[in-house]
Amino acid sequence: MAPRAGQRRLPRLLPLQGVDVMTSPVSPPPPAGGGGKGPSSAVRIALIGALVVGVGVGAFVLGRRGSGGGSSSGPAFSSGEAKGPPSAGATVEGMPEVPSEPTKMEVPGAGATAAIWVDVHAPAKVRDALVRNAWLKAQWDKPLGQGFVSGWAAFLGSTGTDLKASFKGAVLDVVAGQLLDTPFRTVWFSGDARVGTPALIVPKANKTSQAAWDALDAVAKRGEMLAESCPASMAEKAPDGGFHLSRWLVAEQTVWAARTADRLVLSRHPVVVLQALCTPLPELEADDGVDVEVGFDPNAYGREAQLFTHVLGLGENTRLQLRVDGDRLVAKGIAGKLRPDAMASDGKPLSDDLLKLVPEDTPVLFAFQLTLPESLEPAQLNAFWKNEGKPRTRTRQVALVWTPRGSTSLEPELALLWGDEKDADGLSSLFSGGARTLTRATLCKHVVLATSPQEVERLQKACEGRAPNMLNAAGPVVSGLRAPSTVVLGINTGRLLSGLAMDGYTSEARVDRSSPLPKAAPPEIEAARRDLEALPYLGFRGNVQGYVMLSEGFGT
């Protein structure tokens with residue numbers, strides 16, 4: 001969608017930069033079947049990356065419906081009071097010519113791992129909340145909203161009349177109101193350059209979803225591709241005759257779609273569709289009161305993420321949970337099962353020393369209770385990981401402070417805060433010899449290992465009260481962080497997305513001798529950042545009870 005005259009569209013947010021995680025030479029073995037190569041980013045990157053993506057998925061299901069909810073029986077819904085993307089007014093060809101023989105796909109030799117997925121368990125409920133949300137409605141006519149809609153306005157705004165189709169209303173209505181009228185999942189895969197392209201999956205399509213798929217396939221299909229098998233490394237088998245992938249083309253935008261007995265799949269890339277058809281995934285089941293979940297597979301992120309989840313005792317299907325509260329999505333907590341051999345710690349409040357050390361504007365805070373041997377000597381740790389003997393153990397409170405960046409040219413900003421000064425020597429030996437030189441300090445009774453002196457200085461200002469710290473945060477945030485927790489993830493979504501937006505702008509600005517980077521961002525970029533900074537703080541807590549992580553949430 002082109003911006004109005006005199007107005008600039010907000011640049012896209014670039015993918016988060018991978019962070020060289022500070023790993024130890026003494027680490028537990030990865031789970032069986034793990035060890036695959038992945039980006040140099042640990043599970044915390046998966047969690048926050050998925051959450052940010054979840055916001056986009058929520059906006060994707062934002063229809064132009066009023067607040068009446070989502071019926072699964074009627075035709076495409078009509079426009080209500082809530083504003084959605086304006087109609088494209090595009091002239092689109094009608095019925096396609098009879099397609100020729102399908103093109104044979106060159107099936108990849110290896111499958112990709114589902115790295116992150118976002119499950120929408122209550123599409124109508126989520127869509128209704130987002131339609132009524134005042135902040136979202138205000139953004140459609142601003143550069144921020146225009147940047148989000150971008151080139152998809154013509155595709156989603158094209159109507160059944162434009163397409164000479166059997167349905168009325170816009171393609172957006174058919175997709176959001178019918179195709180996605182039943183629980184669905186969006187998946188991002190690890191692997192090659194296609195990793196940034198998600199697949200939209202409807203695992204158990206009802207009659208309404210199937211009818212919507214048929215209606216779009218009938219008018220938008222412009223060719224077909226045949227995949228005779230799944231990638232060789234994947235356990236799933238192709239049906240007789242292989243997978244048939246339809247190429248949908250509307251307003252010069254292409255979507256690949258496929259349908260099998262148990263799922264519908266859409267994506268921008270045909271290989272991603274095939275991966276989604278062939279990948280086994282957890283059941284799309286929700287706990288009571290959960291409307292959206294974000295899950296991840298640590299095996300997709302390599303040994304570092306496997307180490308991290310092993311240390312925390314997390315089993316499979318650990319996930320972030322959100323629920324609808326009025327016209328908002330709010331955090332409900334972290335849920336999942338623990339490994340049978342896990343030594344997960346009982347929940348404890350985060351100390352005031354830790355909260356005083358963390359700057360108030362930190363985009364991502366991940367804190368946890370960690371049970372380790374009394375001594376961090378390599379021999380003691382090796383014996384501990386191998387379950388040899390019963391060494392004396394002690395629980396430490398540990399936190400990671402992270403500022404994600406929106407460009408690979410920017411250095412990561414990450415700090416480890418270790419809540420026991422007696423471990424200083426052991427930590428020095430554990431984190432020595434790595435590829436990255438870390439800056440060390442002792443602040444607010446914590447051992448600090450940071451990626452730069454500037455990050456240490458930022459923490460020191462917070463510790464000394466020369467800059468706001470988490471004790472100065474909003475009351476609900478402080479109360480939530482002080483509540484007992486085994487694992488807690490705090491996300492300042494406003495600061496996070498505002499920073500990524502600025503990184504995206506500076507990385508895409510054309511800079512040379514004749515056109516240097518301006519000292520101040522354009523007014524529309526600053527306005528978009530101010531709008532993003534109005535977004536709330538989301539807090540996810542998990543508390544161990546037996547071999548289950550109980551889910552709790554907080555925020556502004």
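Within the bounds of the stretch 169-176, is there any residue that is in the same structural domain as MET234 (by TED's automatic domain parsing) and free of Cβ contacts under 8 Å to residues at least 60 places away in the same chain? Checking the stretch 169-176: at least one residue is in the same structural domain as MET234 (by TED's automatic domain parsing) and free of Cβ contacts under 8 Å to residues at least 60 places away in the same chain.
Apart from one condition, LYS422 fits all of (1) surrounded by fewer than 14 Cβ atoms within 10 Å (Cβ to Cβ); (2) closer than 17 Å to GLU360 by Cα; the exception is (2). When we screen SER246, SER229, SER158 for residues that are modelled with pLDDT of 85 or more, over 27 Å from ASP291 (Cβ atoms), surrounded by 23 or more Cβ atoms within 10 Å (Cβ to Cβ) and among the hydroxyl-bearing types (Ser, Thr, Tyr), the only hit is SER246.
Would you mind finding the one in THR182, THR161 that is polar (S, T, N, Q) and touching a strand residue (DSSP E or B) at 6+ places or on another chain (Cβ under 7 Å)? Steps first, answer last, please.
Values: THR161 fails: touching a strand residue (DSSP E or B) at 6+ places or on another chain (Cβ under 7 Å).
Going through THR182, THR161 in turn, just one is polar (S, T, N, Q) and touching a strand residue (DSSP E or B) at 6+ places or on another chain (Cβ under 7 Å): THR182.
Which members of the stretch 410-439 meet the condition of being touching a helix residue (DSSP H, G or I) at 6+ places or on another chain (Cβ under 7 Å) and of a type outside the set (A, V, I, L, M)? Of everything in the stretch 410-439, those that are touching a helix residue (DSSP H, G or I) at 6+ places or on another chain (Cβ under 7 Å) and of a type outside the set (A, V, I, L, M) turn out to be GLU413, TRP418, GLY419, THR439.
Take the conditions crowded, with 17+ Cβ neighbours inside 10 Å and modelled with pLDDT of 80 or more and apply them to ALA367. Does it pass? For ALA367, the condition - crowded, with 17+ Cβ neighbours inside 10 Å and modelled with pLDDT of 80 or more - is met.
For the stretch 238-267, a residue qualifies if it is within 29 Å of the chain's Cα centre (by Cα) and of a type in the set (D, E, K, R), and the qualifying residues are ARG247, GLU252, ARG259, ASP262, ARG263.
Taking the stretch 315-336 as the range and being more than 20 Å from VAL477 (Cα to Cα), among the small types (Gly, Ala, Ser) and not in a loop (DSSP other than H, G, I, E, B) as the test, only GLY336 passes. From the list LYS142, LYS164, which one is on the phi < 0 side of the Ramachandran plot and touching a residue at least 40 places away in the same chain (Cβ under 8 Å)? Within the list LYS142, LYS164, the selection yields LYS142. Kindly provide the set of residues from the stretch 391-432 that are part of a helix (DSSP H, G or I) and either touching a His at 6+ places or on another chain (Cβ under 8 Å) or closer than 21 Å to LEU354 by Cα (or both), ordered by number. The answer is GLU421, LYS422, ASP423, ALA424, ASP425, GLY426, LEU427, SER428. For LYS445, the conditions (1) farther than 28 Å from ASN543 by Cβ; (2) surrounded by fewer than 19 Cβ atoms within 10 Å (Cβ to Cβ); (3) touching a helix residue (DSSP H, G or I) at 6+ places or on another chain (Cβ under 9 Å) are fulfilled apart from (1). Scanning the stretch 371-381 for residues that are more than 12 Å from LEU430 (Cβ to Cβ) and in a helix (DSSP H, G or I) yields one hit, ALA379.
The test for being modelled with pLDDT of 70 or more and crowded, with 22+ Cβ neighbours inside 10 Å holds for GLN321.
Residues being assigned to a strand (DSSP E or B), touching a residue at least 60 places away in the same chain (Cβ under 8 Å) and hydrophobic (A, V, I, L, M, F, W, C): count how many of those fall in the stretch 449-489.
4
Please verify whether the stretch 199-222 includes one or more residues that are within 22 Å of the chain's Cα centre (by Cα), part of a loop (DSSP other than H, G, I, E, B) and surrounded by fewer than 23 Cβ atoms within 10 Å (Cβ to Cβ). Step through it out loud before you land on a result.
At the first step, the residues of the stretch 199-222 found to be within 22 Å of the chain's Cα centre (by Cα) are 199-203.
Then keep just the ones that are part of a loop (DSSP other than H, G, I, E, B); that gives 203.
Add one more test, that the residue is surrounded by fewer than 23 Cβ atoms within 10 Å (Cβ to Cβ), and what stays is 203.
Yes, there is a match, as at least one residue in the stretch 199-222 is within 22 Å of the chain's Cα centre (by Cα), part of a loop (DSSP other than H, G, I, E, B) and surrounded by fewer than 23 Cβ atoms within 10 Å (Cβ to Cβ).
Might you let me know whether the stretch 124-142 holds any residue that is part of a helix (DSSP H, G or I), under 27 Å from ARG529 (Cβ atoms), among the β-branched types (Val, Ile, Thr) and in contact with a Pro (Cβ under 6 Å, 6 or more places away or on another chain)? Looking through the stretch 124-142, none of the residues is part of a helix (DSSP H, G or I), under 27 Å from ARG529 (Cβ atoms), among the β-branched types (Val, Ile, Thr) and in contact with a Pro (Cβ under 6 Å, 6 or more places away or on another chain). Scanning the stretch 428-447 for residues that are among the aliphatic types (A, V, I, L, M) and in contact (Cβ under 8 Å) with a residue 40 or more places away in the chain turns up LEU430, ALA435, LEU438, LEU443.
The values are calculated or read from the model by the stated rules, or taken from the named source; none is laboratory data. Note that the structure is predicted; figures quoted are calculated from it, not measured. Neighbour counts run over all protein chains shown; Cβ positions are idealised from the backbone, glycine included.
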